[in-house]
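Trainee: Please find one structure pasted underneath; my questions will follow.
Derivation of every value follows stated rules applied to the coordinates shown; laboratory data play no part. Quantities reported herein were computed from a predicted structural model and do not represent experimental measurements. Cβ sites come from the backbone with ideal geometry, for glycine too, and all protein chains shown count toward neighbours.
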């Protein structure tokens, strides 16, 4: 479960990231964070991954107060999360298989377990036959699938996706989103930042809209309508 | 980057080695000068041979005395004649006359405590006067202390400069791999896990730099010492065999430390994600 309790983020020069924001996301939920640029979506994501600390309030993920974690404990928090970025962020000198295996290696998993699990995950995202390819040898959609496989491989309870379809065409975006839906059905909580009206409207999931650092809308089966 | 870092480390280690050898030689020369600073205790004319021997024994048993040598009046005259050479004729007829005193030439273990030794020797019954080249002694003491202090300071400064240079050189490579580090951080890699390959790389560069600079220095040192020795014959320089072990250990440690610290520090900024 994720809880934001009266969270405020103030950057240098008094720029407000979030202003006294409170919300709760239950386990297994699929939530879209929407809003204009500078609304506070990225701040919310950064708070969840421990990249920044709130100026005020508490960010609680699975019972852990993230803002009170020591810097040395942040990696362990991130291992329980999967993060998917708009620009995929794959290691260019590693193959598809190695990129996914890498996320397991850093957690100290045994080679035997890695060899067993990585092909399974690649099959789930439909990249079983691309395991030996390098990122520059596959399409954008496939690269995003690798990124999702990497986020999934450590069986996280939460996946944070920051505009995962931002660099993809409509058709590929739909494929990627159906993959996220499948993952969500398996019980993984998904928090997704997006600017795609089509995706939000098609999925009919919970929508939290931010504006100037404040929540202006929180709907159970919302649509993408920043004008509301 | 590896080549640039290797060259930088090698140059720094070469300078460090040169400086270390210079310091070792300066210390050796200081010790040689110190050992040449003798105290001379002149004995009264009417002291018997047995009393002279007693005075010599008393001095020899002093804690700070390294060596002592008794020179009787007869030996002093013989030595004086030798010094005069052909002009020794001026001493003819003076045999048996009491114009040269017996003396004890003393070299000390620690010339910094020469004043205490002089005071004690002056009080020994039968000692007429004590000649102590205090001016030279104090200059040598000051010079030696300054060389030692300067050496430590210069080595520390060199270490800081070297780490700074290597840090900046490695920073370029770390910067190029900044994205990779960021990805590693986001998938949950600990700082230790990310830092370790860079530190190992730094240690390897340090080791390679050490090997290259050590080979150059050891070959170069013999050539330099043999040519300098033919010009400056006053002092003995430290032979390579005597300093090769401390030189090797110091340079190796310096190289490894420089590589490891340089890499470790240059990656620090990228870990703040």
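Trainee: Taking the DSSP beta bridges in the protein assembly as shown as the whole, what percent of them are antiparallel, to the nearest 5?
Mentor: Roughly 65 percent of the beta bridges in the protein assembly as shown run antiparallel, per DSSP.
Trainee: Relative to the longest principal Cα axis of chain B, at what angle does helix B:240-267 sit, 0 to 90 degrees, rounded to 10?
Mentor: With rounding to tens, the tilt is 30 degrees.
Trainee: If you don't mind, another one. Cα convex hull of region B:66-126: how many Å³ per residue?
Mentor: Looking at region B:66-126, the number lands at 105 Å³ per residue.
Trainee: Here's another thing I want to ask about it. Decide, for region B:207-264, between rounded, prolate and oblate: order the square roots of the alpha carbon gyration tensor eigenvalues as a ≥ b ≥ c, take rounded if a/c falls under 1.5, and otherwise choose prolate if a/b is larger than b/c, else oblate.
Mentor: In terms of gyration-tensor shape, prolate.
Trainee: Taking Cα pairs under 8 Å and at least six residues apart, what relative contact order does chain A come out at, in percent?
Mentor: The normalised contact order for chain A reaches 28 percent.
Trainee: What does the structure give for A:101-107 when I average, per residue, the other chain Cβ atoms found within 10 Å of the residue Cβ?
Mentor: 4
Trainee: I would also like to ask the following. Fewest Cβ neighbours within 10 Å first, please rank B:100, B:253, B:240 accordingly.
Mentor: Neighbour counts put them in this order, fewest first: B:253, B:240, B:100.
Trainee: How long, wide and thick is region B:1-137, going by the Cα atoms along their three principal axes, in whole angstroms, largest first?
Mentor: 83, 39, 23 Å, listed from the longest principal axis down.
Trainee: OK, next. Taking chain B as the reference, fit the longest principal axis to its C-alpha atoms, fit the long axis of helix B:2-35 to the helix C-alpha atoms, and give the angle between the two in degrees, 0 to 90, nearest 10.
Mentor: The helix B:2-35 is inclined about 10 degrees to chain B.
Trainee: Dimensions of region A:91-201 along principal axes (Cα, Å, largest first)?
Mentor: Result, largest extent first: 42, 31, 19 Å.
Trainee: Just want to confirm a number: the relative contact order over region B:38-132, from Cα pairs under 8 angstrom separated by 6+ residues, in percent.
Mentor: 53
Trainee: Could you tell me how many cubic angstrom of Cα convex hull volume region A:90-155 has per residue?
Mentor: Roughly 72 Å³ of hull volume per residue.
Trainee: Which whole-number percent is the relative contact order of chain B (Cα, under 8 Å, 6+ apart)?
Mentor: Computed value for chain B: 33 percent relative contact order.
Trainee: Under the definition of partner shielding as Cβ atoms of other protein chains within 10 Å of a residue Cβ, what is the mean value for peptide A:83-89?
Mentor: 2
Trainee: Continuing with the same structure: Sum -39500 (n - 2.57) across every DSSP H segment of at least 4 residues in chain A, then divide by the residue count to get the 222 nm mean residue ellipticity, nearest 500.
Mentor: Calculated mean residue ellipticity at 222 nm is -9500 deg cm²/dmol.
Trainee: Express the Stokes-Einstein translational diffusion coefficient of region B:161-273 in µm² s⁻¹, to the nearest whole number, given a Kirkwood radius over alpha-carbon pairs, 25 °C and a viscosity of 0.890 mPa s.
Mentor: Reported coefficient: 151 µm²/s.
Trainee: Listing B:56, A:134 from the residue with the fewest other Cβ atoms within 10 Å to the one with the most, what is the order?
Mentor: Going from sparsest to densest Cβ surroundings: A:134, B:56.
Trainee: How much of the calculated P(r) for chain A lies past 34 Å, in percent of all Cα pairs?
Mentor: The answer is 14 percent, as a whole percent.
Trainee: Is the shape of chain B best called rounded, prolate or oblate, per the rule: a/c under 1.5 gives rounded, else a/b larger than b/c gives prolate, else oblate, with a ≥ b ≥ c the square roots of the Cα gyration tensor eigenvalues?
Mentor: It comes out prolate by the Cα gyration axes.
Trainee: Another question, if that's okay. GNM, chain B, Cα, under 10 Å: largest mean-square fluctuation among B:93, B:126, B:259?
Mentor: In the Gaussian network model the winner is B:93.
Trainee: Still on this model: Tell me whether the protein assembly as shown comes out rounded, prolate or oblate; compute the Cα gyration tensor, take square roots of the eigenvalues as a ≥ b ≥ c, and use a/c under 1.5 as the rounded threshold.
Mentor: Taking the square roots of the gyration eigenvalues as a ≥ b ≥ c, the protein assembly as shown is prolate.
Trainee: Tell me the angle of helix B:49-60 to the major Cα principal axis of chain B, expressed in degrees between 0 and 90 and rounded to the nearest ten.
Mentor: Around 10 degrees separate the two axes.
Trainee: How large, in Å, is region A:56-110 by the Kirkwood hydrodynamic radius built from its alpha-carbon pairs?
Mentor: Result for region A:56-110 stands at 13.4 Å.
Trainee: What's the center-to-center distance, using Cα atoms, between region B:199-273 and region B:41-94 in Å?
Mentor: Here the two parts' Cα centres lie 50 Å apart.
Trainee: Let me ask something else. Taking the beta-carbon count within 10 Å as an exposure proxy, list A:215, B:232 from fewest neighbours to most.
Mentor: B:232, A:215
Trainee: Using mean Cβ contacts within 10 Å as the protection proxy, how do A:109-118, B:213-222 order, highest first?
Mentor: The densest-packed peptide leads the list: B:213-222, A:109-118.
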